[in-house]
Amino acid sequence: MAPQKVQTKRLPVTDPLDGAPIQLDQPGYYEGFSTLSQQAYWDDATRKVVLQRMTAAHPILFFTPAEAATMAAVLDRILPQEDRTAARRIALLPPLDDRLFHNRIEGYRYEDMPSDQDAYRQAAKAFEQMAQTACGRSFHELETMEQETLLQSLHAEKPTAPEDAWKGINIKRFWALLVSDCCSAYYAHPWAWDEIGFGGPAYPRGYMRLEEGQPEPWEVDEQRYQWAAPADTLTDTPASEQTGEKVQSQAGQGGTH
Amino acid sequence: MSLFDRNKPLFGSFGKPKDGLHHLGPLQQIKPPQRVFRDDEEIDYLIVGVGSAGGVLLQRLARAGFKVAGFEAGPFWDTERDWVSDETGSHNLYWNDLRITGGTDPLALGNNNSGKGVGGGSVHWAAFTPRFHPSDFEVYTQDGVGADWPITYEEIEPYYQLLEQELPVAGPAWYPWGKPHGHPYGPHPMGGVGDTLIDGCTKLGIGVSAGGPVAILSASRGDRPHCIYRGFCIQACKVGAKASTLVTHVPDALEHGAEVRDNSMVSRISVKDGRVDGVHYFDRDGNERFQRAKAVIVSGYAIETPRLLLNSACAGHENGLANSSGTLGKYLMAQAGNVILGRFDQPVRMYKAPPAHALTEEFYETDPKRDFARGFAVQTVGPLPIAFAKQMSVAKNQWGWGLRRTMMDYNHWSALGLLGEILPWKDNTVELADGKGGRPEARDRYGLPVAKVTFNLHDNDTKLIEFGKNKTMEIMRAAGATEVVQEARYAHLVGGARMSKRPEDGVCDKFGRTWDVPNLFVMDGSVMPTQGSANPGLTIQALAARTADYLISQGSAVFTANGRDLTSPPCRHSLSPPGTFTKGIPHLR
Ligand SMILES: Cc1cc2nc3c(=O)[nH]c(=O)nc-3n(C[C@H](O)[C@H](O)[C@H](O)COP(=O)(O)OP(=O)(O)OC[C@H]3O[C@@H](n4cnc5c(N)ncnc54)[C@H](O)[C@@H]3O)c2cc1C
Ligand code: SF4
């Protein structure tokens with residue numbers, strides 16, 4: 001076993017007084033690491049795709065303004081970014097809206113699910129109904145914890161919602177779809193790669209240091225610190241502890257081997 | 001000194017860097033299709049789908065001098081422009097058109113399954129290329145479950161040897177499982193995940209094959225450079241190091257006068273007087289056309305192949321073409337593909353190295369001490385951030401800050417894949433979503449009913465998965481992981497148009513010739529009666545090469561006679577693409 005290369009240093013991530021997150025340009029343990037700084041070493045096609053992702057303006061075309069407000073608030077809870085400075089937040093709604101507007105699907109639909117477009121349309125309405133029923137306000141106006149409580153009820157497949165708000169939708173599958181869309185948007189972004197220390201595009205240069213987590217000369221070593229989520233959240237504990245029961249996830253959907 | 005000297009490429013015959021950037025240049029100079037047959041010209045063999053099987057068939061038949069065309073629903077890839085080192089940017093590699101999935105254990109399709117475009121699934125496969133074991137061909141005889149193949153291991157063995165050199169396959173000189181054999185190219189160096197597998201298995205006394213078998217170049221060959229360990233294999237290998245029929249067989253096919261008609265979706269196979277006379281297809285502009293052919297081979301993948309045959313129902317074949325046995329679209333199989341994830345204190349950085357680089361088949365065979373038949377393999381996988389995030393959202397049931405926190409530890413996780421044999425069951429099916437008989441209705445952009453896939457696990461499968469999952473978790477822990485979680489999933493669809501000894505048990509004979517229509521063949525993963533716990537790609541290509549030999553031996557008889565000759569052909573060593581078999585490569589005997 002190679003010597004432990006991890007250095008530990010402490011950086012407060014939440015303000016010790018009010019628990020509010022301290023905003024960083026780049027959260028994560030890889031201070032100073034920038035995949036974009038390596039773009040001269042990427043191939044043209046990849047560079048084009050990645051840069052376009054960062055700069056392209058996506059007008060919201062699929063969701064109505066009201067639906068967009070709800071969904072933006074939902075996505076902000078599925079992958080919250082209050083620890084990022086405003087200029088360094090990764091847009092989650094536009095890629096989803098763009099996918100739905102162009103009806104780009106993953107190649108299948110579950111027998112017990114409507115189309116992705118219909119499912120999201122109904123979900124936007126259902127989230128709003130849940131908010132109105134539980135708190136008498138719009139979903140996007142709720143406090144973080146209130147939003148999380150509602151989402152948690154959905155995650156536990158027992159949404160606090162009017163009877164038929166989720167009718168015709170297999171909630172387990174919708175939840176997976178929702179989280180998966182958020183992951184696709186967030187972790188496609190170079191800023192997210194910097195955050196988690198992923199090397200990013202690697203053609204034509206390739207990687208040379210394959211073992212024991214060694215960084216390439218242009219990657220950086222991990223600088224660990226005691227990371228803490230903001231105080232006003234329910235989601236930084238394992239799901240089973242949140243609900244007190246085991247939620248059975250559905251089978252995974254990505255290709256591997 | 002900079003590693004990247006502008007005027008001196010690192011290795012191989014690459015073009016010069018341009019724009020002041022560091023390029024290896026367009027590595028694959030694939031000439032676009034040159035020959036174009038007219039629709040009313042009667043071609044000899046029309047192949048539907050230029051994927052793993054279709055690419056090999058096209059190359060062999062072209063070399064043998066047949067007039068042959070491959071119709072491919074997807075594009076002819078321009079690898080330099082179309083392929084990227086990026087997860088999201090690789091979305092178009094997959095069959096993204098609608099399919100309906102159901103059953104008690106519905107399969108995820110799309111990027112979990114099949115490709116669309118020249119090369120098919122071999123473009124996005126991880127390129128693990130283990131052979132099947134001899135026992136795979138007689139599962140019913142040995143275990144009383146599943147089915148026997150109409151061929152034995154010995155019949156396919158010479159084709160394994162051929163394909164292992166044509167791709168070629170890198171791996172250890174001595175592979176101990178199944179029928180022991182070696183590999184023509186040397187094994188690859190280990191990545192972090194391979195080390196996990198070796199560490200865990202070594203502690204438990206389990207043998208591991210390190211550095212292969214994978215169809216990835218460990219040394220450059222011809223115009224194909226060796227692997228640069230960039231880890232984007234299932235996003236398509238832009239380097240050209242990983243084998244796909246697009247780079248291994250299609251160029252040679254074109255060289256020998258084959259046509260690849262890309263962006264052409266075959267909608268129906270036409271039958272006249274009991275014989276196939278051509279296919280209806282939609283061309284790149286969406287126009288419906290008809291191409292005459294003396295014989296048709298369907299190589300469209302385990303879902304699209306049954307779908308096309310079902311959509312080709314006609315008078316005399318009311319239940320689908322070549323379906324007098326009633327087995328078309330039945331006995332569909334997927335392998336259990338659970339991903340077992342382990343967190344290590346030491347960073348792993350599993351995105352480096354090809355996801356496929358080490359495996360164990362120690363648990364492949366039936367063990368009477370276990371309470372289920374057949375077995376499983378354990379392999380390396382290397383999910384990139386998006387895939388990993390999705391896996392963790394399932395495996396740890398996380399979202400919100402918890403998911404962000406876990407993801408910040410991406411570099412501390414390692415991932416192993418279970419590959420478990422699921423048996424062929426009659427109720428695992430591909431049907432048409434045609435709105436009839438209680439089936440849902442859904443159509444594609446051409447108005448054709450899409451495939452409805454039904455998948456149910458049975459008792460043996462559930463027990464096997466439970467055991468295999470636990471064993472893989474044990475390996476992960478033995479390697480030193482402090483936290484181990486897993487995600488259930490399935491991989492590799494095969495079956496659905498199986499080959500059989502008797503016409504009443506399957507769709508086609510041992511060469512893929514359908515029992516009902518003498519000049520209609522099926523040749524791809526859908527012909528498999530069982531699937532073992534080896535990734536299917538090598539076997540699919542070996543079967544295709546064998547069928548090509550058969551067709552060549554049959555000469556023009558296929559085009560005119562209705563009789564069925566089941567004599568096995570000689571294995572021809574003269575048809576390999578140049579510079580592969582017996583050409584300057586260590587030859588295994
Ligand atoms: C992520 C991932 C990783 C994998 N890793 C491995 C691995 O490591 N090792 C391994 O052995 N296997 C692997 N596989 C599986 C492997 O890719 C497939 O088993 C194999 O490619 C199937 O070959 P095929 O010839 O049956 O079909 P395909 O290769 O899928 O080819 C079918 C082709 O037919 C075309 N087509 C279909 N219908 C029509 C129509 N009507 N008209 C015209 N064209 C049509 C399709 O567009 C496609 O190009 C992996 C799969 C995935 C998804
Ligand atoms: S790891 Fe090797 S085989 Fe895989 S994509 Fe990269 S260069 Fe190609």
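The values are calculated or read from the model by the stated rules, or taken from the named source; none is laboratory data. Fair warning: this is a prediction, and the values are worked out from it, not measured in the lab. Positions of Cβ are generated from backbone atoms using ideal geometry, with glycine treated the same way; all protein chains shown enter the neighbour counts. Areas reflect the complete protein model, heavy atoms only, side chains present, ligands, DNA and RNA absent. Shrake-Rupley method; radii C 1.70, N 1.55, O 1.52, S 1.80 Å.
Think of the protein assembly as shown as a dipole: +1 on every Lys or Arg Cβ, -1 on every Asp or Glu Cβ, centred on the Cα centre; then among A:Pro65, B:Asn411, B:Gln379, B:Gln379 lies furthest on the positive end.
May I ask for the Rg/Rh ratio of region B:133-225, computed from Cα atoms with Rh as the Kirkwood radius, given to two decimals?
Dividing the radius of gyration by the Kirkwood radius yields 1.06.
Assign one of three labels to region A:8-196, namely rounded, prolate or oblate, based on the Cα gyration tensor with a ≥ b ≥ c the square roots of its eigenvalues; rounded applies when a/c is under 1.5, prolate when it is not and a/b is larger than b/c, and oblate otherwise. It comes out oblate by the Cα gyration axes.
On the protein assembly as shown, 51 percent of the accessible area sits on carbon and sulfur atoms, based on a 1.4 Å probe. Accessible area of B:Val394 (1.4 Å probe, protein heavy atoms only, ligands and nucleic acids ignored): about 30 Å². The orientation-averaged projection of the convex hull spanning the C-alpha atoms of the protein assembly as shown amounts to 34.1 square nanometres. For region B:189-274, the Kirkwood hydrodynamic radius from C-alpha pairs, put into Stokes-Einstein at 10 °C and a viscosity of 1.306 mPa s, yields a diffusion coefficient of 95 µm² per second.
Equivalent-ellipsoid semi-axes for region B:51-91 (Cα gyration tensor, √(5λ), whole Å, largest first): 28, 9, 9.
For region B:91-130, the Cα-based Rg and Dmax, in that order, read 11.6, 33 Å.
Put simply, the amide H of B:Val298, placed in the peptide plane, has neighbours under 5 Å in B:Val48, B:Phe521, B:Val522, B:Met523, leaving out anything fewer than 5 places away on its chain. Cross-link check: pairs B:Lys369/B:Lys471; B:Lys203/B:Lys471; B:Lys463/B:Lys501; B:Lys330/B:Lys501; A:Lys172/B:Lys116; A:Lys167/B:Lys396 evaluated at a Cα-Cα cut-off of 21 Å; pairs beyond the cut-off: B:Lys463/B:Lys501; A:Lys172/B:Lys116; A:Lys167/B:Lys396. Hull volume per residue, based on the alpha-carbon atoms of region A:51-105 and their convex hull, is 98 Å³. The distance from the alpha carbon centre of region B:489-561 to that of region A:148-203 is 41 Å, rounded to a whole number. Magnitude of the charge dipole for the protein assembly as shown, about its Cα centre and with charges confined to Cβ atoms of Lys, Arg (+1) and Asp, Glu (-1), is about 1740 debye. Sorting B:Asp143, A:Asp181, A:Asp97, A:Asp25 by solvent-accessible area of protein heavy atoms yields A:Asp25, B:Asp143, A:Asp181, A:Asp97, largest first, with a 1.4 Å probe. Its Cα centre serving as origin, region A:8-196 has a Cβ charge dipole (Lys and Arg +1, Asp and Glu -1) of approximately 320 debye. For B:Lys272, a cut-off of 18 angstrom between C-alpha atoms picks up these aspartates and glutamates, skipping any fewer than 8 places away in its own chain: B:Asp39, B:Asp40, B:Glu41, B:Glu42, B:Asp44, B:Glu318, B:Asp516. Between the residues B:Val450, B:Leu328, B:Cys237, the greatest Cα displacement towards the positive end of the dipole of chain B, with unit charges on the Cβ of Lys, Arg, Asp and Glu, is found for B:Cys237. Once the partner protein chains are put back, region A:166-215 shows a loss of at least 50 square angstrom of accessible area, versus the chain by itself, at A:Cys183, A:Tyr187, A:Ile196, A:Phe198, A:Tyr203, A:Pro204, A:Tyr207, A:Leu210, A:Glu211, A:Gly213 (probe 1.4 Å, ligands and nucleic acids excluded). Here B:Lys426 is the anchor, and the aspartates and glutamates within straight C-alpha reach of less than 19 Å, apart from those fewer than 8 places off in the same chain, are B:Asp105, B:Asp136, B:Glu138, B:Asp143, B:Asp148, B:Glu304, B:Asp459, B:Asp461, B:Glu504, B:Asp505, B:Asp509.
Per-residue surface analysis assigns B:Val50 an accessible area of about 0 Å², computed on protein heavy atoms at 1.4 Å probe radius. Excluding ligands, DNA and RNA, the accessible surface per residue across region A:8-196 is 43 Å² with a 1.4 Å probe.
Take the accessible area of chain A alone and of chain B alone, subtract that of the pair, and you get about 7700 Å² summed over both chains, using a 1.4 Å probe. Remark: region B:517-529, residue by residue, has Karplus-estimated 3J(HN,Hα) of 10, x, 10, 10, 10, 10, 8, 5, x, 6, 7, 6, x Hz, where x stands for each Gly or Pro and the curve is 6.51 cos²θ - 1.76 cosθ + 1.60 at θ = phi - 60°.
Please report the antiparallel percentage of DSSP beta bridges with both residues in region B:20-560, rounded to the nearest 5. Of the beta bridges lying entirely in region B:20-560, close to 70 percent run antiparallel.
Once the convex hull of all Cα atoms in region B:20-560 is built, its volume per residue stands at 147 Å³.
A:Arg205 contributes about 40 Å² of solvent-accessible surface, heavy atoms of the protein only, 1.4 Å probe.
Legend: residues in region B:168-195 shielded by at least 30 square angstrom of accessible surface upon adding the remaining protein chains to the isolated chain (1.4 Å probe, heavy atoms) are B:Met190, B:Asp195. Near B:Ala389, once Lys and Arg are set to +1 and Asp and Glu to -1 for all other residues with Cβ below 14 Å from its Cβ, the sum equals -1. Solvent-accessible area per residue in chain B equals 31 Å², computed with a 1.4 angstrom probe and all protein chains kept.
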